[in-house]
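> I'd like to ask you about the structure that follows.
The values are calculated or read from the model by the stated rules, or taken from the named source; none is laboratory data. Keep in mind it's a predicted model, so treat the numbers as computed, not measured. When we count neighbours, we look across all protein chains shown, and the Cβ atoms used for this are built from the backbone with ideal geometry, even at glycine. Quick note on the areas: whole protein, heavy atoms, side chains included, nothing else; ligands and nucleic acids left out. Shrake-Rupley method; radii C 1.70, N 1.55, O 1.52, S 1.80 Å.
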Amino acid sequence: TTTRTMLAIEGLTVGYAGAPVIDGMRLDVPHGAVVALLGANGAGKTTLLRTVSGLVRPRSGRISLDGQDLSGLSVEDRVRRGLAQVPEGRSVVSELTVEENLHLGALWKIPGRSARRAAVAEVYEAFEPLARRRRSMGHQLSGGERQMLALARALVARPRVLLLDEPSLGLAPRVVAQLFAILRDTAERTGLTVLLAEQNVTSALSIADRGVVLGLGEIVADAPAAEIAADPALRHAYLGF
Ligand code: ATP
């Protein structure tokens, strides 16, 4: 059986000033796959995610979502078509409760108050620690809970493709394991497609179907996660261990 491509990147070149950071990239992300996007610091992982979400305009190339060309679309239009990004760093609103933060995630994406309430109730099922903290203020949460809330808030609107930038940053290994388990479980239950940029290579590959390694503006490897994890030369050359 062939899997349909959810996110297709063709001939993508992106740069700021000077030499391109991403140079003629081609990448197919299958529907429902969890893809770990790996590479040394500065390899271009954040740039790629920001280009897909529409925050950075490419010099050339094409990105399509489920066969629809995204070129020229604003960030908001891309969100309406099913893209969601959880940015690096925490985007939780400190002065709102957990529940209010989740409603904010649904606000302009799900029409109707009762539909929004149902969507929030649904994420609580997957994110039990958040359900217990629903009345807590954003600023009262631990780093792990904040990252969990940022993820849950992105999922409330039921995106088709989720872009995550270093969700494990600053979190204890046990908390990373919990967060990634929820992510994996959500992908399996809902068919969500995930592009996960991570420096935490081992954790990312442990929940990913595929690993994509960036180096010098190009994809140097695109293979099943287990193969990437088992390749010492690749790890040594591009992943720093
Ligand atoms: P990190 O893990 O540090 O975030 P990364 O793989 O995500 O690394 P990028 O953040 O995409 O890499 O950066 C790739 C290159 O582009 C780096 O050389 C960086 O200095 C440069 N760069 C990133 N953002 C900008 C910007 N807004 N303006 C100019 N150069 C930038």
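> Among the residues of the stretch 22-40, which ones are more than 10 Å from the ligand (Cβ to nearest atom) and among the aliphatic types (A, V, I, L, M)?
Met25, Leu27, Val29, Ala33, Val34, Val35, Ala36
> Starting from the stretch 41-70, take each residue that is within 16 Å of the ligand (Cβ to nearest atom) and among the charged types (D, E, K, R) and list its partners that are open to solvent by less than 40 Å² (accessible area, probe 1.4 Å) and part of a loop (DSSP other than H, G, I, E, B), counting only C-beta distances under 7 angstrom and pairs at least six apart or across chains.
Close Cβ pairs (under 7 Å, with a partner that is open to solvent by less than 40 Å² (accessible area, probe 1.4 Å) and part of a loop (DSSP other than H, G, I, E, B)) amount to Lys45/Gly39; Arg50/Val56; Arg59/Gly15.
> Continuing with the same structure: Condition first: within 17 Å of Arg160 (Cα to Cα) and open to solvent by 40 Å² or more (accessible area, probe 1.4 Å). Now tell me which residues in the stretch 80-106 satisfy that. I'd like the intermediate steps shown before the answer.
From the stretch 80-106, those within 17 Å of Arg160 (Cα to Cα) are 80-87, 105-106; that's our starting set.
Those that are within 17 Å of Arg160 (Cα to Cα) and open to solvent by 40 Å² or more (accessible area, probe 1.4 Å): Arg80, Arg81, Gln85, Pro87.
> While we're looking at this one, here's another question. Scan the stretch 1-33 for residues that are under 17 Å from Arg62 (Cβ atoms) and of a type in the set (Gly, Ala, Ser) and report the count.
4
> Would you check if there is a residue in the stretch 43-55 being surrounded by fewer than 20 Cβ atoms within 10 Å (Cβ to Cβ), among the hydrophobic types (A, V, I, L, M, F, W, C) and under 17 Å from the mean Cα position of the chain (by Cα)?
Among the residues of the stretch 43-55, at least one is surrounded by fewer than 20 Cβ atoms within 10 Å (Cβ to Cβ), among the hydrophobic types (A, V, I, L, M, F, W, C) and under 17 Å from the mean Cα position of the chain (by Cα), which makes the answer yes.
> Further question on the same structure: Just give me the residues in the stretch 89-137 being more than 24 Å from Asp185 (Cα to Cα) and basic (Lys, Arg), in sequence order.
Residues satisfying the conditions are Arg113, Arg135.
> Wholly within the stretch 138-238, which helices (runs of 4 or more DSSP H) include no fewer than the required count, namely at least 2 residues that are open to solvent by 40 Å² or more (accessible area, probe 1.4 Å) and over 30 Å from Arg80 (Cα atoms)?
So the answer is 173-190, 201-207, 225-229.
> Could you tell me whether the stretch 11-24 includes any residue that is among the aromatic types (Phe, Trp, Tyr), over 24 Å from Gly211 (Cβ atoms), modelled with pLDDT under 90 and open to solvent by 70 Å² or more (accessible area, probe 1.4 Å)?
no
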